[in-house]
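Some notes on the structure that comes next.
The values are calculated or read from the model by the stated rules, or taken from the named source; none is laboratory data. From a predicted model like this one, the values you see are computed outputs, not experimental measurements. Note that each Cβ is placed from the backbone with ideal geometry, even for glycine, and that neighbours are counted across all protein chains shown. Each accessible area value is taken on the protein alone, full model and side chains, heavy atoms only, with ligands, DNA and RNA left out. Shrake-Rupley method; radii C 1.70, N 1.55, O 1.52, S 1.80 Å.
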Amino acid sequence: MRRMIISGNWKMYKTLEETITFFEEFSAWEKDFSHKNQLLIFPPNLYTITALEMTRENDIDIGVQNIYFKDFGAYTGEISSPMLTSIGCKYALVGHSERRHIFHETDEEINLKILALIENRKHIVFCIGEKESQRDEGLTEQVLDTQLAIGLQDVHEKDMQHVVIAYEPVWAIGTGKTATPEIAQDAHAFIRKWLSTHFNSSVANKTRILYGGSVKAANCKELLEKQDIDGALIGGASLKIKDYIEIIKISEEVAQKKDQ
Ligand code: 13P
């Protein structure tokens, strides 16, 4: 069975002090977990080292929210994959819809980022998802197909063990409008079928596909119970330790059931 991932994308929220408090509180709660699922937090890039140092004894991974695809150079304001290696960071988020739409990141740039991260032996959470207008026009599968085809171009079958896909319909991000478990499951099943066609059935069976978009404690059970949903990428609800812990606990019960 695929190990579920309960991940949190903090976006541009929290001060350093709030980050420290979160991980102190997490540490105190951790004894209550079964550790069935993988936990992963993407704090603002500025706090990566602090988060890594604070969680050294904890069963939680830390990643950055974005990287540039070049290794070094005159790229003011950017950070690179080799820099992640130098601080012991193994995870990066790539292609988040806010990067795509606010910062105009293209599928081609996302592909270069994924290739750079693979070259540097990092684990990637690759985000894809359609806008509301695209869904309304019946273009969801076409959009996902393009994002997957360009984003994963030149990625080899063996490298897919480093790639996690996050399906985040843009209309569900930060809007409180969660996809119904059925809508999410349909998109996840399409993505898994795509992986089977473009790689093979083993890659399709092993790749974890997370759902993101207004996930909270009140709706996560029904989403996580779906066959092709292997975890969540949580924005707002991952900022409050109590909410994040509640979701972790629910996810552990779901994982227990899925294993049976
Ligand atoms: P919300 O959970 O706040 O909708 O954000 C989802 C998201 O963008 C996670 O990457």
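Summed over region 1-60, residues that are within 16 Å of the ligand (Cβ to nearest atom) and β-branched (Val, Ile, Thr) total 3. Looking across region 113-133 at every residue that is more than 22 Å from Ile62 (Cα to Cα) and without any contact (Cβ under 8 Å) to a residue 60 or more places away in the chain, the one that is farthest from the ligand (Cβ to nearest atom) is identified as Ser133.
Could you list all residues from region 81-107 that are in a loop (DSSP other than H, G, I, E, B) and either without any contact (Cβ under 8 Å) to a residue 12 or more places away in the chain or polar (S, T, N, Q) (or both)?
Filtering region 81-107 for residues in a loop (DSSP other than H, G, I, E, B) gives 88-90, 95-96, 102-106.
Within region 81-107, Ile102, Phe103, His104, Glu105, Thr106 qualify.
Considering only residues in region 1-33 that are surrounded by fewer than 13 Cβ atoms within 10 Å (Cβ to Cβ) and under 18 Å from Asp230 (Cα atoms), the one that is modelled with the lowest pLDDT turns out to be Met1. Inside region 91-119, residues that are under 18 Å from Pro44 (Cβ atoms) and surrounded by fewer than 18 Cβ atoms within 10 Å (Cβ to Cβ) make up a count of 2.
Could you please find all residues in region 224-243 being part of a helix (DSSP H, G or I) and surrounded by fewer than 23 Cβ atoms within 10 Å (Cβ to Cβ)? Gly236, Ala237, Ile241, Lys242, Asp243 - these are the residues of region 224-243 that are part of a helix (DSSP H, G or I) and surrounded by fewer than 23 Cβ atoms within 10 Å (Cβ to Cβ).
Take the conditions (1) open to solvent by 10 Å² or more (accessible area, probe 1.4 Å); (2) more than 16 Å from the ligand (Cβ to nearest atom); (3) within 21 Å of Gly95 (Cα to Cα); (4) of a type outside the set (S, T, N, Q); Arg208 misses just one of them, which is (2).
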